[in-house]
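The values are calculated or read from the model by the stated rules, or taken from the named source; none is laboratory data. Owing to the predicted nature of the structure, the values given are computational and were not obtained by experimental measurement. Neighbour counts are summed over all protein chains in view; Cβ atoms, including those assigned to glycine, are modelled from backbone coordinates with ideal geometry.
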Amino acid sequence: MSGSGYLELNGIASRYGATQVLKDINLSIRAGEFVALLGSSGCGKTTLLRTLAGFNAPSSGSVHIGARDITHLPPDKRGMALVFQSYALWPHMTVDENIAYGLKLKGVPRADIAAKVSAMQSLLGLQGLGGRKPQALSGGQRQRVALGRALVIDPEILLLDEPLSNLDARIRLTVRHELRALQQRLGITAIHVTHDREEAMVMADRIVILDAGRIAQQGRPEEVYNRPASPFVAAFMGAENLLKLDGFVVGDRFVLSPGAVHAAGGVPLDGRSLASGAVEARFRPEAARILATLDTATPEDGMTFRGEVLAVTYPGGHWRHVVRTGAHEILADAPRACQPGERVAVHVGADALFLFNLAEPASASSLPASRA
């Protein structure tokens with residue numbers, strides 16, 4: 001077993017024909033935990049969810065709930081419920097009939113079904129809609145019906161396959177908070193597939209980021225956001241600005257060498273796995289601060305770049321600038337708008353500057369004597 005969790009995935013691999021989709025997935029999920037599987041299209045997150053649900057058989061590895069091995073059990077024997085992206089409601093059935101569908105398949109007595117459906121309507125705010133067909137419901141109401149159908153059978157684990165992606169932006173914000181509050185109130189274990197970074201951040205106890213069928217990083221939302229473990233994770237979590245720099249380790253700091261368009265800088269190592277040599281620097285537009293003038297004394301921590309404003313837009317709440325710094329263009333936000341053609345300095349603080357080595361670490365003998 002890979003851990004002491006309630007739901008355990010051990011060495012899960014999956015393939016479609018000759019294509020390897022999942023590779024050595026080890027994941028331990030606690031009872032009552034809300035876990036978001038996050039990643040771009042094709043990373044394997046939906047395949048992993050379908051493997052959990054029993055719709056895909058892994059090519060290797062095992063799935064356990066407690067001491068029970070469910071690897072080869074059919075979907076209806078796993079104690080799980082899946083809410084599909086499309087909701088998959090029966091169009092010829094009413095709200096009541098859709099919610100009751102799983103209970104009828106289980107042979108639950110009619111009186112018990114009516115009581116459970118009524119309780120689920122109250123829980124999800126569907127009172128008075130029991131006789132309607134799905135086409136007479138809003139997107140948010142359909143989502144609640146699909147959720148009610150999943151929850152009414154009292155599943156041990158709730159699987160969510162991008163259930164909010166078909167909702168418009170305003171409704172999605174409301175429903176994501178309702179779903180999270182409901183999960184916490186019921187204490188149910190939930191695994192949620194999404195490609196929406198913000199959705200994962202606000203809903204999950206833990207985020208698991210997948211890349212090319214492997215777990216790239218997992219941790220609490222604030223850990224993954226503030227301490228990305230790789231350039232891929234940093235970029236996926238919004239740090240899409242990219243610059244190539246050089247630096248060297250001095251004591252407990254990584255010192256960034258000055259260049260044609262940037263001053264010297266540095267960051268505390270603070271657990272960063274960095275070696276002297278070329279590094280890839282990534283940061284988010286909102287982490288970049290445009291300084292008032294080029295003559296302003298630049299802070300020692302972090303990095304300061306000089307450049308020219310190429311374009312300015314207003315996405316709301318701040319002004320976003322495209323700044324050309326040498327051969328690169330970066331995005332930087334500011335509370336005021338600079339003018340295209342204006343020369344500016346852009347500072348990124350040490351805590352928001354994510355550095356990753358590009359090449360093999362330089363040997364100690366190759367470092368300048370003055371820096372050793």
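Values computed for the structure shown
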read-out	value
Test for residue 134: is it in contact (Cβ under 8 Å) with a residue 40 or more places away in the chain, over 24 Å from residue 33 (Cα atoms), in contact with a Lys or Arg (Cβ under 7 Å, 6 or more places away or on another chain) and surrounded by fewer than 15 Cβ atoms within 10 Å (Cβ to Cβ)	no
Of the criteria (1) surrounded by 15 or more Cβ atoms within 10 Å (Cβ to Cβ); (2) small (Gly, Ala, Ser); (3) assigned to a loop (DSSP other than H, G, I, E, B), which one residue 81 fails	(3)
So residue 286, is it part of a helix (DSSP H, G or I), in the same structural domain as residue 303 (by TED's automatic domain parsing) and either within 28 Å of residue 334 (Cα to Cα) or hydrophobic (A, V, I, L, M, F, W, C) (or both)	yes
Unique match (being out of contact with any strand residue (DSSP E or B) (no Cβ under 6 Å at 6 or more places or on another chain), free of Cβ contacts under 8 Å to residues at least 40 places away in the same chain and on the phi < 0 side of the Ramachandran plot) among 258, 221	258
The listed residue being modelled with pLDDT of 90 or more, part of a helix (DSSP H, G or I), of a type outside the set (A, V, I, L, M, F, W, C) and assigned by TED's automatic domain parsing to the domain that holds residue 194, out of 71, 51	51
Scan of region 54-68 for residues that are outside any strand (DSSP E or B) and either at positive phi or surrounded by fewer than 17 Cβ atoms within 10 Å (Cβ to Cβ) (or both), ordered by number	54, 55, 57, 59, 66, 67
Cβ-Cβ under 9 Å pairs, at least 6 apart or on other chains, region 42-65 side closer than 8 Å to residue 14 by Cα, far side β-branched (Val, Ile, Thr) and in a loop (DSSP other than H, G, I, E, B)	57/71; 58/71
Flag for residue 99 being over 17 Å from residue 183 (Cβ atoms), in contact with a Gly (Cβ under 6 Å, 6 or more places away or on another chain) and among the β-branched types (Val, Ile, Thr)	yes
Region 148-169: number of residues that are within 20 Å of the chain's Cα centre (by Cα) and assigned to a helix (DSSP H, G or I)	1
Residue count for region 265-285, restricted to those that are of a type in the set (S, T, N, Q) and surrounded by fewer than 20 Cβ atoms within 10 Å (Cβ to Cβ)	1
Verdict on residue 208 being closer than 15 Å to residue 48 by Cβ, touching a strand residue (DSSP E or B) at 6+ places or on another chain (Cβ under 6 Å) and assigned by TED's automatic domain parsing to the domain that holds residue 54	yes
Matching residues in region 202-220 - criterion: being over 17 Å from residue 40 (Cα atoms) and not in a loop (DSSP other than H, G, I, E, B)	202, 203, 206, 219
Candidates 129, 173, 160 - the one that is assigned by TED's automatic domain parsing to the domain that holds residue 104, crowded, with 17+ Cβ neighbours inside 10 Å and over 26 Å from residue 21 (Cβ atoms)	129
Residue in region 10-18 that is touching a residue at least 40 places away in the same chain (Cβ under 8 Å), closer than 14 Å to residue 208 by Cβ and part of a strand (DSSP E or B) present	yes
Unmet criterion (only one of (1) within 20 Å of the chain's Cα centre (by Cα); (2) buried (at least 19 other Cβ atoms within 10 Å of the Cβ); (3) not in a loop (DSSP other than H, G, I, E, B)) for residue 223	(2)
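Residue by residue, here is whether (1) under 19 Å from the mean Cα position of the chain (by Cα); (2) under 16 Å from residue 82 (Cα atoms) holds:
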residue	(1), (2)
18	no, no
29	yes, no
40	yes, no
49	yes, yes
58	no, no
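Residue by residue, here is whether (1) in a loop (DSSP other than H, G, I, E, B); (2) touching a strand residue (DSSP E or B) at 6+ places or on another chain (Cβ under 7 Å); (3) modelled with pLDDT of 90 or more; (4) not aliphatic (A, V, I, L, M) holds:
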| position | (1), (2), (3), (4) |
| --- | --- |
| 98 | no, no, yes, yes |
| 111 | no, no, yes, no |
| 114 | no, no, yes, no |
| 118 | no, no, yes, yes |
| 123 | no, no, no, no |
| 132 | yes, no, yes, yes |
| 143 | no, no, no, yes |
| 146 | no, yes, no, no |
